[in-house]
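K.L.:
I am attaching a structure below and will ask some questions about it afterwards.
The values are calculated or read from the model by the stated rules, or taken from the named source; none is laboratory data. Bear in mind the structure is a predicted one, so any value in this text is a computation, not a measurement. FYI the Cβ positions are ideal-geometry reconstructions off the backbone, even for glycines, and counts take in every protein chain you see. Protein only, heavy atoms only, side chains kept; ligands, DNA and RNA dropped before computing areas. Shrake-Rupley method; radii C 1.70, N 1.55, O 1.52, S 1.80 Å.
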Amino acid sequence: MKKLMIGLVAVSSLVFGTGCGGNYCDDAADAYSGLADKADDCPEIKSVLSGLEFSDSDIEECKNDLENCSDGDKDKLNDSIDCINDMPDCESGKEDAWIADLQDCAEKTEGVSCE
């Protein structure tokens, strides 16, 4: 489970750290905040997700990177956030599959060149 938690934090860094795309920064912060609610039946994952917070300065830094994003980059970022928002609730005993789904969402940002 420890490996799973490290992967979860890495995914959040990948998605949020890319930082660009319209309302992407606010949407990314909201999406990750909403994930904790989807993990009620997976307490170890919920505890990690509950600790993920994006400060106003994180969001501002993300917004400052907007100029470096192409329309294609923005589309990929928004697809990733839509995927996260569409994640199902985590079910006890199926944590690995849920994390894999979350990683699939993060992979939608592959090739994004703005940072």
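K.L.:
Give region 46-70 a look and list any residue that's part of a loop (DSSP other than H, G, I, E, B) and not small (Gly, Ala, Ser), or say none.
P.N.:
Passing the criteria: 52, 53, 54, 69.
K.L.:
Sticking with this one: In region 31-56, which residues are open to solvent by 80 Å² or more (accessible area, probe 1.4 Å) and at pLDDT 85 or above? Working first, answer last.
P.N.:
Narrowing region 31-56 to residues open to solvent by 80 Å² or more (accessible area, probe 1.4 Å): 37, 40-41, 43-44, 53, 56.
Correct list: 37, 40, 41, 43, 44, 56.
K.L.:
Name the pairs: first residue in region 90-115 and open to solvent by 90 Å² or more (accessible area, probe 1.4 Å) and modelled with pLDDT under 90, second residue part of a helix (DSSP H, G or I) and among the β-branched types (Val, Ile, Thr), Cβ to Cβ under 8 Å, at least 6 apart or on different chains?
P.N.:
115/18
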